[in-house]
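Down below is the structure, laid out as structure tokens.
The values are calculated or read from the model by the stated rules, or taken from the named source; none is laboratory data. Every value quoted in this text rests on a predicted model; they were computed, and no experiment measured them. All Cβ positions, glycine included, derive from the backbone under ideal geometry; neighbour counts span all protein chains shown.
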Amino acid sequence: MEIWSGITEAFWLLVTLDADLVEITLRSLYVTLTALVIASAIALPLGALLAVRRFRARRITIAVLNALMGLPPVVVGLIVYVLLSRSGPFGVLGLLFTPTAMIIAQVIIIVPLIASIAHQALRELWSDYHDLLISMNTTQAQRVQALLWDGRRALLTASLAGFGRAIGEVGAIMVVGGNIDHHTRVLTTAIALETGKGEFALALGLGFVLIAMAIAVNLAIHVIGRTERGGRW
Amino acid sequence: MSNLFPVTLEGATLRRSGKVLVGPVNLELRAKGVTVVIGPNGAGKTSLLRMMHGIARLGGGSIRWACPPEEARAHQAFVFQQPIMMRRSVLGNLTYPLRLTGTSWSEARDRATQAATEVGLADMLDRPAPYLSGGERQKLALARALITRPELLFLDEPCASLDGRATREIEEILTRAAAAGTRLIMSTHDMGQARRLATEVLFLMNGNIHEHSSAEMFFGGSASPQAQAFLKGDIVE
């Protein structure tokens with residue numbers, strides 16, 4: 001019963017292009033995509049560097065990264081909250097309860113995930129390339145570059161996994177964003193709120209919109225990734 | 001042109017986890033010719049080439065080029081037994097070594113097209129390299145190694161698992177490169193190939209150089225008993 005009314009609710013929200021729905025959906029996309037771009041810019045080169053470079057703390061770093069993949073979002077939210085709160089070290093920036101704070105929390109949550117998956121994928125590529133690139137006298141930076149470029153398809157998967165984690169995340173952004181209407185409310189926090197109020201149909205409706213959006217973004221990125229060049233490897 | 005040679009190896013040794021793969025090798029190679037490295041499986045042919053090229057770290061002894069080591073490295077290239085294809089187009093593979101040293105894109109492109117034509121891959125420039133056939137891959141690897149005009153080219157059994165026609169094409173490319181002044185050091189299992197290409201032979205057994213002589217002498221019947229046996233196809237241990 002409830003599921004059915006949820007589907008109808010989602011349908012009506014969509015066909016009438018409900019203003020609130022559009023707003024929070026766009027905010028969800030803005031926060032998560034921004035976090036994804038920043039996190040990818042950090043995590044992908046990090047994954048490549050971990051594949052290419054042999055340094056003393058390498059194993060430890062990889063183990064820590066893998067462990068951090070399971071970082072509890074609420075705890076991340078709490079730490080970011082403490083850091084950004086008025087009395088915290090970054091309190092003067094006045095970032096708490098803003099979308100920026102939500103982006104910061106999401107970046108922290110998905111960097112280890114993207115870096116870990118990227119490292120796994122690039123490690124195989126590096127074992128293929130190792131002899132050749134050493135023989136060609138490449139510098140460390142050139143090796144990282146070659147891996148990032150030639151492994152871009154696998155890296156796309158890593159980034160998409162990060163997107164999936166960030167878009168459905170509620171604990172951290174609830175804590176640091178505060179779920180303020182017209183300011184920091186996004187799809188997931190709205191769902192939590194409506195569920196709490198007992199508005200299951202609306203909550204379900206929002207849930208279906210969220211799922212549809214996640215699928216749409218994934219498909220879109222895959223289409224872009226594939227048309228860019230014919231071959232697949 | 002050649003300022004790499006003569007190269008001198010003194011007690012050069014390559015180890016992996018305590019076990020000696022090749023060495024200690026004492027050897028001096030001069031600037032001219034094609035050196036073919038032969039010997040039974042596990043004799044250390046690949047290890048010797050890798051050690052000289054510097055992909056494997058020297059475990060002892062020394063290798064001295066006639067110029068500083070970095071300069072020597074910059075003028076060498078290596079073709080592996082299993083050609084390593086970068087996950088790019090044929091053109092992308094050929095331009096890569098040029099781009100590394102800062103060649104402009106348009107010049108790299110022209111030289112890559114030229115190099116592809118020389119090895120008969122001109123109409124495959126846009127093909128993804130990992131999709132090429134075995135023979136095409138090795139020709140691409142060879143063209144990629146030669147595109148920087150190295151003074152010295154190492155080849156580790158470049159024709160293993162290739163058929164007669166592909167082997168002949170590779171040998172033609174190698175003969176041309178040698179004629180143009182590229183110093184070749186290659187290992188092979190194919191005695192016919194060794195006879196066709198070699199000016200000088202290194203016969204390896206059990207990780208050491210058993211014999212170093214001119215091709216004429218080696219194949220002309222004045223090789224050691226073990227080498228004679230190996231040439232006849234007997235099993236030498």
Residue hits (the stretch B:174-222; polar (S, T, N, Q) and either touching a residue at least 60 places away in the same chain (Cβ under 8 Å) or surrounded by 19 or more Cβ atoms within 10 Å (Cβ to Cβ) (or both)) are B:182, B:187, B:188, B:193, B:199, B:206, B:208
Of all residues in the stretch B:127-145 being in contact with a strand residue (DSSP E or B) (Cβ under 6 Å, 6 or more places away or on another chain) and more than 18 Å from residue A:125 (Cβ to Cβ), which is farthest from the other protein chains (Cβ to nearest Cβ)? B:142
Would the stretch B:90-99 turn up any residue that is surrounded by fewer than 18 Cβ atoms within 10 Å (Cβ to Cβ) and touching a Leu at 6+ places or on another chain (Cβ under 8 Å)? no
Sole exception among (1) within 17 Å of the chain's Cα centre (by Cα); (2) part of a loop (DSSP other than H, G, I, E, B); (3) of a type outside the set (Val, Ile, Thr) for residue A:65, by number: (2)
Determine which single condition residue A:71 fails, assuming it passes every other condition in (1) outside any helix (DSSP H, G or I); (2) at pLDDT 90 or above. (2)
Does residue A:54 satisfy the criteria of being modelled with pLDDT under 95, within 22 Å of residue A:155 (Cα to Cα) and of a type outside the set (Gly, Ala, Ser)? yes
Just for the stretch B:37-89: of the residues that are part of a strand (DSSP E or B) and among the hydroxyl-bearing types (Ser, Thr, Tyr), which one is nearest to the other protein chains (Cβ to nearest Cβ)? B:89
So residue B:24, is it within 13 Å of chain A (Cβ to nearest Cβ) and in contact with a Gly (Cβ under 8 Å, 6 or more places away or on another chain): no
Kindly indicate whether residue B:200 is more than 29 Å from residue B:20 (Cα to Cα) and not aromatic (Phe, Trp, Tyr). no
Quick one: how many residues across the stretch B:141-185 are among the basic types (Lys, Arg) and within 26 Å of residue B:103 (Cβ to Cβ)? 4
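Let's see how each residue does on (1) buried (at least 20 other Cβ atoms within 10 Å of the Cβ); (2) within 21 Å of residue A:108 (Cα to Cα); (3) away from chain B (no Cβ under 14 Å):
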| position | (1), (2), (3) |
| --- | --- |
| A:153 | no, no, no |
| A:159 | yes, yes, yes |
| A:166 | yes, yes, yes |
| A:183 | no, no, yes |
| A:193 | no, no, yes |
Against the conditions (1) modelled with pLDDT under 90; (2) of a type in the set (A, V, I, L, M); (3) farther than 30 Å from residue A:142 by Cα, where does residue A:78 fall short? Just the number, please. (1)
Any pair with Cβ under 7 angstrom, 6 or more apart, that starts in the stretch A:41-70 at a residue that is closer than 17 Å to residue A:143 by Cα and ends at one that is charged (D, E, K, R): A:50/A:58; A:51/A:123; A:52/A:143
Subset of the stretch A:126-141 (residues that are within 14 Å of residue A:50 (Cα to Cα) and surrounded by fewer than 17 Cβ atoms within 10 Å (Cβ to Cβ)): A:127, A:130, A:140, A:141
In the stretch A:90-148, what residues are within 14 Å of chain B (Cβ to nearest Cβ), aromatic (Phe, Trp, Tyr) and either free of Cβ contacts under 8 Å to residues at least 40 places away in the same chain or outside any helix (DSSP H, G or I) (or both)? A:129
